[in-house]
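Peer 1: Submitted below is the structure of interest, expressed as structure tokens.
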Amino acid sequence: MKELDCRKQACPAPVLMTRQVIAAEAPETLTVHVDNEAACQNVSRFFASKAYEATVENTEDGFRVTGTRSGQDAQAFADVAELPGSAQEAGQKTEKKIMVMITTDRMGYGDEVLGKKLMTNFVNTLNEMGPELWRLVLVNNGVRLAVTGSEVLSALQQLEKDGLAVLVCGTCLDHYGLLEHKQTGQTTNMLDIVTAMQLADQVINI
């Protein structure tokens, strides 16, 4: 069994280090030690994307995430392939892929109440983009839109139910103490976000 110590490593280092070991050695079993919930979720999901079965144990200083090769074939672009709406069949004609990145829980500067109202209207109108809306990424204060009490939570949950990949920054959730309050989307890391930006035809920043 190979072990990897990723404690005290900032996002996306734990996933990058895990990916490097799998790419170079393809071990049957790999145990990754991390010290926060966001890294635990990201490494677990990365294991799944690489056809490893992940198990998690709590430790005194974090989590022990163990991946065991399942024998299944991993998908292309595995970093994001497990997310809804990302898999593409060979030769299939696809719509334009638009990624929307929201970095705040309000729109624009000035009046705070107006800014939050505008953001609510924006999120509630996102479905008008149709199938071209490919990724919705929430970072920094934008992660507050995906947690308990958010005025747009039901809208985001419906978008995800309809097949949109909603990515919520794990580092940001951890920073604001909101990991346990997330109610929609997949906890993600900067590797997923950068990869999605590369694959998108257009990135809209809010």
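Every number here is computed from the coordinates shown, using simple stated rules; none is lab data. Quick caveat: nothing in here was measured; it's all calculated off a predicted structure. Glycine gets a Cβ as well: all are built from the backbone with ideal geometry, and neighbour counts include every protein chain shown.
Peer 1: May I have the pair-distance distribution P(r) for the chain, computed from all Cα-Cα distances with 10 Å bins from 0 and rounded to whole percent?
Peer 2: All Cα pairs, binned at 10 Å, distribute as 9, 33, 34, 19, 5, 0 percent.
Peer 1: While we're on this one: Find the eigenvalues of the gyration tensor of the Cα atoms of region 2-78, then list the square roots of 5 times those eigenvalues as equivalent ellipsoid semi-axes, largest first, in whole angstrom.
Peer 2: Three semi-axes, in Å: 19, 12, 11.
Peer 1: Moving on. Would you mind checking K2/K182; K50/K97; K96/K117; K8/K97; K8/K182 for any pair whose Cα atoms are more than 26 angstrom apart?
Peer 2: K2/K182; K96/K117; K8/K97
Peer 1: Using amide H atoms built 1.01 Å from N in the peptide plane, name the residues 5+ places from D5, or on other chains, whose amide H lies under 5 Å from its own.
Peer 2: H33
Peer 1: Collect residues whose amide H, placed 1.01 Å from N in the peptide plane, falls under 5 Å from the amide H of V147; neighbours closer than 5 in sequence don't count.
Peer 2: For V147, the qualifying residues are Q183.
Peer 1: Could you please rank I102, I193, I206, placing first whichever residue has the fewest other Cβ atoms within 10 Å of its Cβ?
Peer 2: With the fewest neighbours first, I102, I193, I206 line up as I206, I193, I102.
Peer 1: Still on this model: Quick one: Karplus J couplings for region 111-127, per residue in order, coefficients 6.51, -1.76, 1.60, θ = phi - 60°, nearest Hz, x for Gly and Pro?
Peer 2: 6, 5, 4, 5, x, 5, 5, 5, 5, 4, 4, 5, 5, 5, 9, 4, 5
Peer 1: Then there is this: If you build a Gaussian network model of the chain, linking Cα atoms that sit under 10 Å apart, which residue out of Q183, Q157, Q20 swings the most?
Peer 2: Of Q183, Q157, Q20, the most mobile in the Gaussian network model is Q20.
Peer 1: Can you list the HN-Hα couplings for region 3-10, worked out from phi with the Karplus curve (6.51, -1.76, 1.60; θ = phi - 60°), rounded to whole Hz and with x for Gly and Pro?
Peer 2: Rounded to whole hertz, the list is 10, 9, 9, 10, 5, 6, 9, 7.
Peer 1: What residues qualify as long-range amide H neighbours of V168, i.e. H under 5 Å apart, gap of 5 or more or another chain, H built at 1.01 Å from N?
Peer 2: L138, Q186, T187, T188
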